[in-house]
Amino acid sequence: MRWFAGTSGSHSAPRPDHSTVVWDGPDPLWLVGDWPQDEVRVLSRGNGQGQVRMAVLGDCHATDAELEVGLAVARGGGLRPLTTWPGSYHIVLRLGRRTLVLGDLAGLRQVYHARYEEGVVYASHAMPLVDLTGAQLDGDVFTSRIMCPEIPELIAGRSLFTGIDRLEVGRTLELTGTKTRLRLHEQGSAPLDFPAAAASLRDALESAVGRRVAGAEKAGTDLSGGRDSTVLAMLAARSARHEVVAVTWADPGAPDDVEYAARIAASSARLKHLLVPADPDCLPYSRLVDAFDVPPPTDDPASPLVTAARTLRQLGAARDAGIDVHLTGYGGDAVLSTPIAYLADLAMDHHPIAAMRHARSWARVAGLRPGDLASAARRVGRTTFDQALRDLAEVLVRDEPGVPGTGVDDLISWVSLA
């Protein structure tokens, strides 16, 4: 596992074992683990009290010129542009006496921080801070994660460990000596109409895929038969200098997906289709103990561990095919989908025509009557979030809370059980 850590206003926090110094001084930044050279990019400008430094840690495909502009913008107080470059990365800034730490907008690059004696410590993973501070498991957060994983508001800003806080998406951890400030840098963009939004999404995907495969000797991409991986596979085929290997998990239980993937691969002369036969040893929850030669210490069990055996088999096939850059379609639903409760938002905001139009579309998907769904949305819109939490609490304290229902009232609500 590789991670970074730093301190602010602390004279007693020890340097991690086997760490590399990114910058030293009163508030140092360290790297631990095997970091590829191109995933550690550090800029430093100025001297003395006017010196500014920026570390971009992770898979960032910004050009050197874009990093220079980003540092200049950050020096003037602007942070949002730093999160818009293609890739998945952290940013640590040192501006005079201040240290600023940013994760990504998808919530994959987490930032944790805690008080340590007279100062503050921060890291990209919680476990190093657990080892340092001796923090214990937070029972309330653990219970919320198990019972109500779809309600992040219950544990906003908290990690699984007492005394260790987690930076929320869209916020910056700003440290000045022993003082901590959580600064909102992502406040949403102006609404776009559908054509403009589609063009913006297209440009972002083309840039993200193009910059990743441009330097690949042999690019690869998942091709499951779903929309997310299909889009990335076609963009990769358009952008790559060489043939792109499209990898499909050949599950006999989903022949339609395999057939669709084959048709997509055949539609482009730049795609070479690679089928990876499904194996009973790679079913969900298989080989959780020996999925890794040495189990990596994770902050908490991540959902991909459920299919770790399949993932390792599929990536192994990609490696054996000579692929050096591989794309997946993971995360498309999380980025592009929204809870159906947004229908209640439309009803509350006095957009009845739009609410009814969207309700008709969802009703077709769910096999419900549009009028019933629109009525449920209006009813939810009249319920405050506080009341919805109280209603859910009553369900949880019953002797037999039961299982989530499938009716219209269960489909749309502010909060729900998993």
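The values are calculated or read from the model by the stated rules, or taken from the named source; none is laboratory data. None of these values were measured; they are calculated from a predicted model. Backbone-built Cβ (ideal geometry, glycine too); neighbour counts: all protein chains shown.
Quick rundown of the values:
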| quantity | calculated |
| --- | --- |
| Elements of type helices (runs of 4 or more DSSP H) contained in segment 295-399, each with 3 or more residues being at pLDDT 85 or above and not acidic (Asp, Glu) | 308-320, 342-348, 352-366, 370-381, 385-397 |
| Pair list, Cβ under 6 Å, 6 or more apart: segment 1-17 residue of a type in the set (Ser, Thr, Tyr), other residue in a strand (DSSP E or B) | THR7/GLY119; THR7/VAL121; SER8/THR99; SER8/GLY119; SER8/VAL120; SER8/LEU175; SER10/TYR116; SER10/GLY119 |
| For PRO404: the one exception among (1) modelled with pLDDT of 65 or more; (2) within 30 Å of the chain's Cα centre (by Cα); (3) surrounded by fewer than 15 Cβ atoms within 10 Å (Cβ to Cβ) | (1) |
| Checking GLY6 against (1) assigned to a loop (DSSP other than H, G, I, E, B); (2) within 18 Å of THR176 (Cβ to Cβ); (3) at pLDDT 95 or above, the condition it does not meet | (1) |
| Test result for LEU154, at pLDDT below 95 and touching a helix residue (DSSP H, G or I) at 6+ places or on another chain (Cβ under 6 Å) | yes |
| So LEU182, is it modelled with pLDDT of 95 or more and in contact with a Ser or Thr (Cβ under 7 Å, 6 or more places away or on another chain) | no |
| Qualifying helices (runs of 4 or more DSSP H) (wholly inside segment 190-279; at least 3 residues being of a type in the set (A, V, I, L, M) and under 17 Å from ASP324 (Cβ atoms)) | 194-214, 227-239 |
| Residue list for segment 9-37, filter: outside any loop (DSSP other than H, G, I, E, B), of a type in the set (A, V, I, L, M, F, W, C) and surrounded by 13 or more Cβ atoms within 10 Å (Cβ to Cβ) | VAL22, TRP23, LEU29, TRP30, LEU31, VAL32 |
| Top-ranked residue of segment 50-107 - restricted to ones that are hydrophobic (A, V, I, L, M, F, W, C) and in contact (Cβ under 8 Å) with a residue 60 or more places away in the chain, ranked as surrounded by the fewest Cβ atoms within 10 Å (Cβ to Cβ) | ALA106 |
| Counted residues, segment 116-139 - those being surrounded by fewer than 18 Cβ atoms within 10 Å (Cβ to Cβ) and in contact with a helix residue (DSSP H, G or I) (Cβ under 8 Å, 6 or more places away or on another chain) | 0 |
| Residue in segment 362-384 that is nearest to ALA341 (Cα to Cα), counting only those that are without any contact (Cβ under 8 Å) to a residue 12 or more places away in the chain and in contact with a Pro (Cβ under 9 Å, 6 or more places away or on another chain) | ALA363 |
| Every residue from segment 336-348 that is over 24 Å from ALA198 (Cα atoms) and either in the same structural domain as SER200 (by TED's automatic domain parsing) or surrounded by fewer than 16 Cβ atoms within 10 Å (Cβ to Cβ) (or both) | MET348 |
| Cβ pairs under 6 Å, 6+ apart, first in segment 171-193 and closer than 15 Å to LEU82 by Cα, second of a type in the set (Val, Ile, Thr) | LEU173/VAL101; LEU173/VAL111; ARG183/THR172; HIS185/THR172 |
| Any hit, segment 43-55, residues being part of a strand (DSSP E or B), over 21 Å from the mean Cα position of the chain (by Cα) and hydroxyl-bearing (Ser, Thr, Tyr) | yes |
| Residue that is nearest to THR307 (Cα to Cα), among those in segment 253-277 that are of a type in the set (Gly, Ala, Ser) and in contact with a Gly (Cβ under 8 Å, 6 or more places away or on another chain) | ALA254 |
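Yes or no, residue by residue, for (1) touching a Gly at 6+ places or on another chain (Cβ under 9 Å); (2) assigned to a strand (DSSP E or B); (3) of a type outside the set (Lys, Arg):
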residue: TRP85; (1), (2), (3): yes, no, yes
residue: VAL101; (1), (2), (3): yes, yes, yes
residue: LEU108; (1), (2), (3): yes, no, yes
residue: ALA114; (1), (2), (3): yes, yes, yes
residue: VAL120; (1), (2), (3): yes, yes, yes
residue: LEU129; (1), (2), (3): yes, no, yes
residue: SER144; (1), (2), (3): no, no, yes
residue: PRO149; (1), (2), (3): no, no, yes
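Quick grid of which residues meet (1) touching a residue at least 60 places away in the same chain (Cβ under 8 Å); (2) surrounded by 13 or more Cβ atoms within 10 Å (Cβ to Cβ); (3) closer than 30 Å to MET1 by Cβ:
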site	(1), (2), (3)
ARG212	yes, yes, yes
GLU217	yes, no, yes
GLY220	yes, yes, yes
ASP256	no, no, no
ALA266	no, no, no
ASP281	no, no, yes
ARG287	no, yes, yes
